Amino acid sequence: MMLANKTIVITGVSSGIGADVARLARFHGARVIGIDRNEPSMTLDGFVKIDLGNPTAIDTALDTLPEKIDALCNIAGVPGTADAELVGRVNYLGLRHLSEALIPRFNQGASIVNVASVLGIEWPERLAQHKALAGTSYFEEGAAWLKKNPVPQETCYQYFKEALIVWSTQQAFTWFRDHGVRMNCVAPGPVFTPILGDFVSMLGEERVQKDAERMLRPAYSDEVAEVIAFLCSDASRWVCGVNIPVDGGLASTYL
């Protein structure tokens, strides 16, 4: 995997998928800068503790991030058991704000990898809404749009993963053409991480049981990390604007 000497910024670095991406990237010679609200439990080349739901905190943190970046892995997120407004601020608005703020720092051929979800598969059903949200220009404008168009608590996680896929796909070609930055998504199914229990609570026993019958098992976080690392590497240098399911075939069972 071609990651040697790359500088990679990883949000959600302190646990689960983010921690495994950091370990893998450092093993392959990358310099890893972590972002999380919790302290990491591993050696990193730099760490910034911030709340990604707060745009002011993100702007302040920019001063401590590298001037030249080869990849950004947007892995941090909160489950749908959290308040819907917080889910939107962290999983969508904050992710977008950080990504846009770092555009001038990306080296030619840099990569952005956004962690979506198999739950985002139904994005075409709400395409007009997701395009309207994507059309807002900055964090607070997006927050204002969401206040006028509130997202139901019970579907907020799915909604913002759908929105993330749409925004990423819309921006991908333009950012690649104008800035030399590739952007892609990965869409995991259930993953053995510390918040797996929150997803069981969020989806309900009936939905969880149906999904359990469709799949072999939840993924291990390192299985998802391998795909994210590939998208950060030079081996994926012509991959742009795609959403890759990493779910053991779960998405295909919905067809």
In the set 59, 20, the lone residue that is over 22 Å from residue 187 (Cα atoms), of a type in the set (Asp, Glu), modelled with pLDDT of 95 or more and open to solvent by 10 Å² or more (accessible area, probe 1.4 Å) is 59
Of the candidates 177, 126, the one satisfying the condition of being without any contact (Cβ under 8 Å) to a residue 12 or more places away in the chain, part of a helix (DSSP H, G or I) and open to solvent by 40 Å² or more (accessible area, probe 1.4 Å) is 177
Out of (1) among the polar types (S, T, N, Q); (2) in contact with a helix residue (DSSP H, G or I) (Cβ under 8 Å, 6 or more places away or on another chain); (3) part of a helix (DSSP H, G or I), the one residue 136 does not meet is (3)
(1) of a type in the set (D, E, K, R); (2) open to solvent by less than 30 Å² (accessible area, probe 1.4 Å); (3) under 23 Å from residue 230 (Cβ atoms) all hold for residue 162 apart from (3)
Of the residues in region 70-90, those that are in a helix (DSSP H, G or I) and hydrophobic (A, V, I, L, M, F, W, C) come to 84, 86, 87, 90
Taking first residues from region 234-255 that are β-branched (Val, Ile, Thr) and second residues anywhere that are surrounded by 13 or more Cβ atoms within 10 Å (Cβ to Cβ) and part of a loop (DSSP other than H, G, I, E, B), the pairs with Cβ under 9 Å that are 6 or more apart or on different chains are 246/189; 253/215
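Per-residue answers, yes or no, for (1) surrounded by 15 or more Cβ atoms within 10 Å (Cβ to Cβ); (2) among the hydroxyl-bearing types (Ser, Thr, Tyr); (3) more than 15 Å from residue 168 (Cβ to Cβ):
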residue: 34; (1), (2), (3): yes, no, yes
residue: 42; (1), (2), (3): no, no, yes
residue: 53; (1), (2), (3): yes, no, yes
residue: 83; (1), (2), (3): no, no, yes
residue: 98; (1), (2), (3): yes, no, no
residue: 101; (1), (2), (3): yes, no, yes
residue: 133; (1), (2), (3): yes, no, no
residue: 144; (1), (2), (3): no, no, yes
### Message
Can you say whether residue 229 is in a helix (DSSP H, G or I), open to solvent by less than 20 Å² (accessible area, probe 1.4 Å), at pLDDT 95 or above and out of contact with any strand residue (DSSP E or B) (no Cβ under 6 Å at 6 or more places or on another chain), as far as the supplied structure shows?
### Response
yes
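The values are calculated or read from the model by the stated rules, or taken from the named source; none is laboratory data. Note that the structure is predicted; figures quoted are calculated from it, not measured. For neighbour counting, all protein chains shown are included, and Cβ atoms are generated from backbone atoms with ideal geometry for every residue, glycine included. The area values use the complete protein model at the heavy-atom level, side chains included, leaving out ligands, DNA and RNA. Shrake-Rupley method; radii C 1.70, N 1.55, O 1.52, S 1.80 Å.
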